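Beneath this line is the structure, given in structure tokens, with notes to follow.
The values are calculated or read from the model by the stated rules, or taken from the named source; none is laboratory data. Model, not experiment: these values are computed from the prediction. Neighbour counts run over all protein chains shown; Cβ positions are idealised from the backbone, glycine included.
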Amino acid sequence: MKKIFTLVIAICAIYTANAGNGDNDSKFTLGVSVGAALPMGAYGSAKSDTTIANSNDSTHINNGYAKTGFHFDITAGYLFADNIGGMVYIGGNMNSFDDATYNAVNGIRAPTTSTHTNWYVGQYLVGPFLSLPASDKLKIDIRVLVGLVTANLPTGTAAANDGSGETLITSGNGGSGFGYQLGGGIKYNLSDKMGLTVNIAYTGSTINYTGYKYVYSGPYNATTINTTAKRTMSTGLLTTTVGIAFNL
């Protein structure tokens, strides 16, 4: 992360030194943005399963317990015509797991504790975008992207904390799925070489997971590994970001 920020600062310095008046826009643009990621779909759900059908459905992950987190992305866009171009988008979202709600929903009380590692969702997308001028310096951008969305599966640790030494660690392999993104924003050129951006986007996908691992420690030790069980989780992310765009 420090290397990325160092690179951004270096590019800012170079392009600010060579900046013009901001009236022109190049065909190729490189953008870096950061902001907030609101989890949606099952990924952001923290509701209890109220029906037998839902609670017994082992093919779906119904509750991700993901909390609002941090988003970053890097984009590269090229205008093929005055207002139409193509974009490559690489994004990442870090969302913590809502352990307090998970424990309350599932009836986990002291002295037993249950904790989970964080979620991370990656987005690797491409597609067309429109760049519509609102003035000499201000542009409105609209994009429709498709590609690959990946997600880890947080590791959960349940501990009895009653002197028995019982601990259960659940984990699984990361998953992936086809994803799409609908987004829009504005870009204000501070100079010929650099501008500020504000964007909002929704990314949707169904993540496919395969396999899991249970490791029990206590009066006896046991490990269960399943490499064939398949589960899916509907995953949505609503992101709002601010950033810098470099006109190369």
Restricting attention to the stretch 60-106, and to residues there that are surrounded by 14 or more Cβ atoms within 10 Å (Cβ to Cβ) and assigned to a helix (DSSP H, G or I), which single residue is nearest to the chain's Cα centre (by Cα)?
D99
Among (1) in contact with a Ser or Thr (Cβ under 6 Å, 6 or more places away or on another chain); (2) crowded, with 19+ Cβ neighbours inside 10 Å; (3) in a strand (DSSP E or B); (4) not polar (S, T, N, Q), there is one condition L145 misses while meeting the rest; what is its number?
(1)
Among the residues of the stretch 145-173, which ones are among the hydroxyl-bearing types (S, T, Y) and touching a strand residue (DSSP E or B) at 6+ places or on another chain (Cβ under 6 Å)?
T150, T155, T157, T167, T170, S171
Can you report the number of residues in the stretch 115-132 which are part of a strand (DSSP E or B), surrounded by fewer than 16 Cβ atoms within 10 Å (Cβ to Cβ) and polar (S, T, N, Q)?
1
Testing L196 on (1) in contact with an Asp or Glu (Cβ under 9 Å, 6 or more places away or on another chain); (2) among the hydrophobic types (A, V, I, L, M, F, W, C); (3) surrounded by fewer than 20 Cβ atoms within 10 Å (Cβ to Cβ), one condition comes back false. Which one is that?
(1)
Count, please, the residues in the stretch 35-59 that happen to be exposed (fewer than 13 other Cβ atoms within 10 Å of the Cβ) and modelled with pLDDT of 85 or more.
1
Residue pairs qualifying under the 9 Å Cβ cut-off, at least six apart or on distinct chains, with the first in the stretch 26-38 being within 17 Å of K139 (Cβ to Cβ) and the second being among the basic types (K, R), are S26/K193; T29/K187; G31/K187
Looking at this structure, is S135 hydroxyl-bearing (S, T, Y), out of contact with any Ser or Thr (no Cβ under 8 Å at 6 or more places or on another chain), in contact (Cβ under 8 Å) with a residue 24 or more places away in the chain and assigned to a loop (DSSP other than H, G, I, E, B)?
no
Would you please name the residue that is surrounded by the most Cβ atoms within 10 Å (Cβ to Cβ), looking only at residues in the stretch 204-233 that are of a type in the set (G, A, S) and more than 12 Å from T150 (Cα to Cα)?
G211
Search the stretch 148-162 for residues being part of a strand (DSSP E or B) and more than 22 Å from the chain's Cα centre (by Cα), and hand back the single one that is farthest from F28 (Cα to Cα).
A159
